[in-house]
Structures are given as structure tokens and as C-alpha cells.
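J.: For reference, the structure I am asking about is given below.
The values are calculated or read from the model by the stated rules, or taken from the named source; none is laboratory data. Remember, predicted model here, so these are calculated numbers, not experimental data. Backbone-built Cβ (ideal geometry, glycine too); neighbour counts: all protein chains shown. We work out accessible area using only protein heavy atoms, side chains counted, and drop any ligands, DNA or RNA first. Shrake-Rupley method; radii C 1.70, N 1.55, O 1.52, S 1.80 Å.
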Amino acid sequence: MKRVLITGAAGFLGSHLCDRFIAEGYRVVGMDNLITGNMDNIEHLFELEQFEFYHHDVSKFVHVPGHLDYILHFASPASPIDYLRIPIQTLKVGSLGTHNLLGLAKSKQARILVASTSEVYGDPLVHPQKEDYWGNVNPIGPRGVYDEAKRFQEAITMAYHTYHGLETRIVRIFNTYGPRMRVDDGRVLPAFFSQAIQGKELTIFGDGSQTRSFCYVDDLVEGIYRLLLSDCHMPVNIGNPDEITIGDFAQEVLDLVGNGSISYHPLPENDPKRRRPNIDKAKDILGWSPSIDRAEGIRRTYEYFKKVVPLNN
Ligand code: UDP
């Protein structure tokens, strides 16, 4: 049986990846320090003999006994309010954490896939974003701790590939949503859903003309699975190119939930104005493109938030 280590296993994406690899017949070793993860996301896996879990911070030396075929490094705070709250941990997990896991991959002769991000493109001057765009990042802005850690992560991962011949994969993840997002992580989708469910005003930052392109989590997981098993060591964008303004997105949430109104607030510093992936590379080399449209995806996500958002707040 193949064995895979998934860091950030109790997080939104990590927990969905654990489910997918279990379903594919792998043994899964989950690892998380639980600073932004939630054990509820993986509670159902503990009864399985194929699943084990380490409560550990990957910024410190990582030891996993036994063989490993694959490592997926998904541990990191992933929302702008988390970077502001825990900036040093955000920098450490992307840099020191990645270094530790590359070392582990080398010693186990395992293939490693690291979770990079559309944030490597910063506030992009090129639209839509293609993998050969180098980005427009403010290193000392509020997002710098995440963006630069992820850019370093890509650099050290490529260095291990070229210098040590390590089998590496880099996925650049664009805005992803679905069940198990943390209700209070501050990102636009959990914010809008919890506000609408509670009959509060939806808080649009800026005038709502900035855009994002939202990918449903199952599509993302499929793309990552294919990339891991591919022979491509260069970065690949995985995301849904269906772009929408935040203002229009707020209206979609209001229409679905049938509740709430809108208020406007200052735009956070360095908030990217437009973001949309070019996914030609994923289409060409992985035969991948998203299959769940936003109407269906937000309907499924709404079912989840209805269960977890407290009503009496
Ligand atoms: N946003 C908003 N209201 C909120 C939270 C976020 O208008 O309550 C905006 C935010 O300014 C950004 C977009 O929604 O333009 C997406 O923000 P998010 O934090 O989800 O992710 P980002 O793509 O900026 O990392």
C-alpha cells in the first residue's frame, strides 16, 4: 500500500486531500499543529486503520517512521487575517517547514508536492495570470509574509529538484471554497455566508469591483491528484477561470440565502484588484479543467455553513 504524508491535514484543503487519498487506497499520515486547523475536519478518519495523525509543527524537525511514497505540504495559515495575526508562523511554515519536508522527502526518496498560491503573482499587472508571469508582490506589505514565504517555497523546491534530483511538484492554488472552510477565517466566502445566515450586513471591502475566480474544492483536489501523479516539476495553476466581482458575488450569496443587506468598508492594503487563472497548462498536461460551476458549488457550501454557523450571534 502506498503511504502519503499530508501536512495541514486538519485544515480545509488538507482534510479533503486526506479523504481523497484514503478513497484511492493509500495509507495517510496526517500532520497538523492545529493553529488554524480543526480536528472536526478529520474526526471521521480516526476509526480507519489506514489513517494516523501527528500533532506537530512542521517548522520544527519532522520525523515520520517508516517509508513514504509521497508528501503533500499543505500546512500554512491561508487567509489575510491569519497572516496579520500570526505573521512569523506564516513565514516559518512556508520556509523552514518546506525545508524540513524537502529534507524528509530526500531521506525517504519520496515525491513531494508543495501548495503554492496565486499570491505569488501579488497584485497582478498581467491578466489572466499564466505560470510564466513573475508577479507583483510588496514584500513588506501585510500579505508579504505569506506571498514571500510561498515564493521562497517555490525557489527552494526547485533547488532541491535541480541540485538533489528530488521529484517535486508545485501547485499554484487560486481562491478555493467548499465545506470545511473555517467560519471565522475572514475570507470572503465564509464571511458572506455567515453574515447572510445571521441576517447581518455583508461586508464588502472597497467598492466591490475587485475580482476573484472561485474554484470548488473537489475540482481543486482532482487537479492536485493529477499533478502529483504527472511528470511535471514546473508550477501549474489550478483554479476556476470563472471570474466575478466581489459585489456581484455578494448578490449571489444574498439571492441564495434570501437574507441580509450590504455595507461597504475600506479596502485592505495591497488587496489584489483582479485575479483569474490561465489554466491552459493544466488542461494540456493534466487533462484537467473544473467541472463544478459556482451555482452548484455555493449551493453545496451553503448546506455546510447552515450546519456550522451559529444562528443566535
Ligand atoms: N472581502 C470582502 N469582504 C469580506 C472579506 C473579503 O469584500 O468580508 C474581499 C477582499 O477584500 C478581497 C476578496 O474579498 O478583495 C477576497 O478576499 P479573501 O480574503 O477571500 O481572499 P484573497 O483572494 O484576497 O486572498
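J.: Filter region 158-174 down to the residues that are open to solvent by 40 Å² or more (accessible area, probe 1.4 Å) and not acidic (Asp, Glu), then identify the one that is nearest to the ligand (Cβ to nearest atom).
T.: The qualifying residue nearest to the ligand (Cβ to nearest atom) is 158.
J.: Taking region 210-244 on its own, how many of its residues are closer than 14 Å to residue 298 by Cβ and hydrophobic (A, V, I, L, M, F, W, C)?
T.: 4
J.: Across region 255-269, what is the number of residues that are open to solvent by 60 Å² or more (accessible area, probe 1.4 Å), part of a loop (DSSP other than H, G, I, E, B) and either at pLDDT 95 or above or within 11 Å of the ligand (Cβ to nearest atom) (or both)?
T.: So the answer is 3.
J.: Among the residues of region 25-43, which ones are surrounded by fewer than 17 Cβ atoms within 10 Å (Cβ to Cβ) and more than 21 Å from the chain's Cα centre (by Cα)?
T.: Listed by number, the list holds a single entry, 25.
J.: Something else: Using beta carbons and a limit of 8 Å, which pairs, at least six apart or on different chains, have the first residue in region 1-16 and on the phi > 0 side of the Ramachandran plot and surrounded by 24 or more Cβ atoms within 10 Å (Cβ to Cβ) and the second one polar (S, T, N, Q) and in a helix (DSSP H, G or I)?
T.: Sorted first by the residue in region 1-16, then by its partner, the list stays empty.
J.: A further question on this structure: For region 191-224, name all the residues that are open to solvent by less than 10 Å² (accessible area, probe 1.4 Å), in a strand (DSSP E or B) and either within 9 Å of the ligand (Cβ to nearest atom) or of a type in the set (Val, Ile, Thr) (or both).
T.: Listed by number, the residues that qualify are 202, 204.
J.: For region 292-311, enumerate the residues that are within 20 Å of residue 243 (Cβ to Cβ) and more than 18 Å from the chain's Cα centre (by Cα).
T.: Scanning region 292-311 gives 293, 295, 296, 299.
J.: Does residue 162 satisfy being of a type in the set (Ser, Thr, Tyr), without any contact (Cβ under 8 Å) to a residue 12 or more places away in the chain and not in a loop (DSSP other than H, G, I, E, B)?
T.: So residue 162 fits the description; yes.
Quick grid of which residues meet (1) surrounded by fewer than 16 Cβ atoms within 10 Å (Cβ to Cβ); (2) more than 22 Å from residue 241 (Cβ to Cβ):
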{"site": "88", "(1), (2)": "yes, yes"}
{"site": "95", "(1), (2)": "no, yes"}
{"site": "102", "(1), (2)": "no, yes"}
{"site": "112", "(1), (2)": "no, yes"}
{"site": "126", "(1), (2)": "yes, no"}
{"site": "156", "(1), (2)": "no, yes"}
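J.: Residues that are in contact with a Lys or Arg (Cβ under 9 Å, 6 or more places away or on another chain) and charged (D, E, K, R): does region 236-249 have at least one?
T.: Within region 236-249 (the criterion being in contact with a Lys or Arg (Cβ under 9 Å, 6 or more places away or on another chain) and charged (D, E, K, R)), the answer is yes, since at least one residue qualifies.
J.: Next question. What is the residue count in region 56-82 for residues that are under 28 Å from residue 184 (Cα atoms) and open to solvent by less than 10 Å² (accessible area, probe 1.4 Å)?
T.: Total satisfying the criteria: 6.
J.: For region 232-254, give me the residue count where each residue is free of Cβ contacts under 8 Å to residues at least 40 places away in the same chain and surrounded by 20 or more Cβ atoms within 10 Å (Cβ to Cβ).
T.: So the count comes out to 0.
J.: Give just the number: which of (1) within 25 Å of residue 146 (Cα to Cα); (2) open to solvent by less than 20 Å² (accessible area, probe 1.4 Å) does residue 273 not satisfy?
T.: All conditions are met except number (2).
J.: Oh, and also: Take the residues in region 83-130 that are within 16 Å of the ligand (Cβ to nearest atom) and β-branched (Val, Ile, Thr); name whichever of them is nearest to residue 7 (Cα to Cα).
T.: 90
J.: Okay, moving on. Which pairs do you get when a residue that is touching a residue at least 24 places away in the same chain (Cβ under 8 Å) and within 12 Å of residue 208 (Cα to Cα), found in region 266-287, comes within reach of a residue that is of a type in the set (Gly, Ala, Ser) and within 16 Å of the ligand (Cβ to nearest atom), reach meaning Cβ atoms under 6 angstrom, with the pair 6+ apart or on two chains?
T.: 267/206
J.: Any residue in region 35-63 that's within 30 Å of residue 84 (Cα to Cα): show its pairings with residues that are open to solvent by 70 Å² or more (accessible area, probe 1.4 Å) and among the charged types (D, E, K, R) at Cβ separation under 7 Å, as long as the two are six or more apart or on different chains.
T.: Hits for this filter: 59/92.
J.: With respect to residue 229, determine if the residue is surrounded by fewer than 19 Cβ atoms within 10 Å (Cβ to Cβ), more than 15 Å from the ligand (Cβ to nearest atom) and either among the aliphatic types (A, V, I, L, M) or within 14 Å of the chain's Cα centre (by Cα) (or both).
T.: Yes, satisfied.
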